[in-house]
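> Pasting a structure below so you can have a look.
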Amino acid sequence: MPRVTRITPTLLLALASTTALADADLTTRSTLTGDWGGLRHQLEADGVKFSGDYSGETAYNAHGGLHRSARYSQNLKLGVQFDLSKLYGLDNGGKVQLTINDRRGNSASEDLVGNRLPIQENYGGLYTRLTELSYERTLFTPALNVKLGYMAMGNDLGGLDSGILCNFMNAGFCGHPLNMSGGSGWTNYPNARLGVRVKYDLSPAWQLRVAAFNVDPESNGNASRAWHLGPKHTTGTVVPVELVYKLQGELPGEYKLGYYYDSSDVKRIGSRDEVSGRGGHYLLVDQALWADEGSPGRSLHAFGQYSASSKAASPFTRWYGAGVVLYKPFEGRPKDTVALGYGRAVPNPRSREALEDAAYNAGQPFPDIDSAEQLIELSYGYQATPWLNLRPDMQYIIEPGAFSGQAIDNALVLGLQVKATF
């Protein structure tokens, strides 16, 4: 086991113990490590802002799937932002963001269930890496914001800005529809690429986002590329375009309509031929349905996701997701949440045909399995302190073998997600 895996819990305990001596009130501070005796606040006022967070996800397969057991994965992120306007007295100097990420652990999906949608959203890329080195500023007008450098596309596009989807532990919900990254050069955190992103405010409610990123599949999940900003082997450029509408008022909402195109030449599924270019589109919605006038902060939101990708080269062609999140479920718990979601990932028919042909050529029967992997997830977000969130979670996975062509029993997975802000 790598050394960093063994020392991480000790490091966290040491941080908590050290800061407890400096400031005994751990329950009310905004971060675990506090204000560092006033130094942190002063540094931020001067233009240097530090950030850090930890997430740990434990999942136990209680029924179905492949094996009865538990798996743990973790993510540690440390960052620093330099405000050049404050540091050097510049007019609109912009900001530089530096972020480092470390992931460790084991996958419940791979080891215990055998499904496609990752049960732990923080699993993958199990090494220390540079995840962002970018420069951002407004240009010509306050309505135009530009960011360029080494970063993940999914930080700014393809997800809901409200953060409603991170009330779930499964990566099918938390983040972005996975057929984007599965069937194109789209990269979600922590995979980063060289690129540029532009946001333009058309009005207070409407915004247009456009980006262009290098596509380098050989660097995905490659530990030897952890600190290389330049690509190893460029196959093309992926260009997303996103229109955002944010509804204001007593029942706010967020709506995103997007399209993306990857110019890379890739093999067509089920064929030796290549297809030139891959694309897809998506629709994301977060809409408040109810707000309690007598209890500020208590509200019920509904979300929806639809994404379709290239049939020629994407392992799954469509994703549907929908659900509800109740904020402030109890009067005495203003920061807690209850979340319930349903998702359906549809495999590419060409992928299914390739699996069936392989089974036939090997003289093996092909199981009678459903046409999609489905997910039902229920979670409760318990905000123990301003910096610590505990999320008990339950996932029911229907047809876990839909993508692999295996007959696997539906699985019931019980989990716990822990998030701490440093």
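The values are calculated or read from the model by the stated rules, or taken from the named source; none is laboratory data. In this text the structure is predicted, and so the values were computed from the model without any measurement. Using ideal geometry, Cβ is built from the backbone for each residue, glycine included, and neighbour counts are taken over all protein chains shown.
> Take the residues in region 294-330 that are assigned to a strand (DSSP E or B) and either among the hydroxyl-bearing types (S, T, Y) or not assigned by TED's automatic domain parsing to the domain that holds G163 (or both); name whichever of them is modelled with the lowest pLDDT. Break it down stepwise before answering.
Of region 294-330, the ones assigned to a strand (DSSP E or B) are 299-309, 316-327, 330.
Still in the running and either among the hydroxyl-bearing types (S, T, Y) or not assigned by TED's automatic domain parsing to the domain that holds G163 (or both): 299, 306-307, 309, 317, 320, 327.
Working: S299: 97, Y306: 96, S307: 95, S309: 92, T317: 89, Y320: 95, Y327: 98.
Looking at residues that are assigned to a strand (DSSP E or B) and either among the hydroxyl-bearing types (S, T, Y) or not assigned by TED's automatic domain parsing to the domain that holds G163 (or both), I get T317.
> Name the single residue, out of those in region 41-73 being basic (K, R) and under 28 Å from Y396 (Cα atoms), that is surrounded by the most Cβ atoms within 10 Å (Cβ to Cβ). Spell out how you get there, then give the answer.
Here is the first cut: in region 41-73, the ones basic (K, R) are 49, 68, 71.
Subsequent filtering for residues that are under 28 Å from Y396 (Cα atoms) retains 68, 71.
Working: R68: 11, R71: 24.
Checked region 41-73; the qualifying residue surrounded by the most Cβ atoms within 10 Å (Cβ to Cβ) is R71.
> Filter region 204-234 down to the residues that are under 23 Å from the mean Cα position of the chain (by Cα) and assigned to a strand (DSSP E or B) and list them by number.
Correct list: Q207, L208, R209, V210, A211, A212, F213, N214, V215.
> Can you tell me how many residues in region 308-335 are buried (at least 19 other Cβ atoms within 10 Å of the Cβ) and touching a residue at least 40 places away in the same chain (Cβ under 8 Å)?
Total satisfying the criteria: 13.
> Has region 120-131 got at least one residue that is more than 26 Å from Y342 (Cβ to Cβ) and acidic (D, E)? Write out each step before concluding.
Going residue by residue through region 120-131, those that are more than 26 Å from Y342 (Cβ to Cβ) are 125-131.
Add one more test, that the residue is acidic (D, E), and what stays is none.
No; the residues of region 120-131 include none that is more than 26 Å from Y342 (Cβ to Cβ) and acidic (D, E).
> Please find, within region 79-95, the residue that is surrounded by the most Cβ atoms within 10 Å (Cβ to Cβ) out of those that are part of a strand (DSSP E or B) and in contact (Cβ under 8 Å) with a residue 40 or more places away in the chain.
Narrowing region 79-95 to residues part of a strand (DSSP E or B): 79-83, 95.
Subsequent filtering for residues that are in contact (Cβ under 8 Å) with a residue 40 or more places away in the chain retains 79, 95.
Numbers: G79: 16, K95: 18.
Here the residue is K95.
> Which of the numbered conditions does N348 fail, given that it passes all the others? Conditions: (1) buried (at least 20 other Cβ atoms within 10 Å of the Cβ); (2) in contact with a Ser or Thr (Cβ under 6 Å, 6 or more places away or on another chain); (3) under 25 Å from G56 (Cβ atoms).
(3)
> When you check L257 against the structure, is it hydrophobic (A, V, I, L, M, F, W, C), at pLDDT 95 or above and either farther than 25 Å from L202 by Cβ or part of a loop (DSSP other than H, G, I, E, B) (or both), yes or no?
Numbers: hydrophobic (A, V, I, L, M, F, W, C): yes; at pLDDT 95 or above: yes; either farther than 25 Å from L202 by Cβ or part of a loop (DSSP other than H, G, I, E, B) (or both): no.
Judged against the criteria, L257 is not a match.
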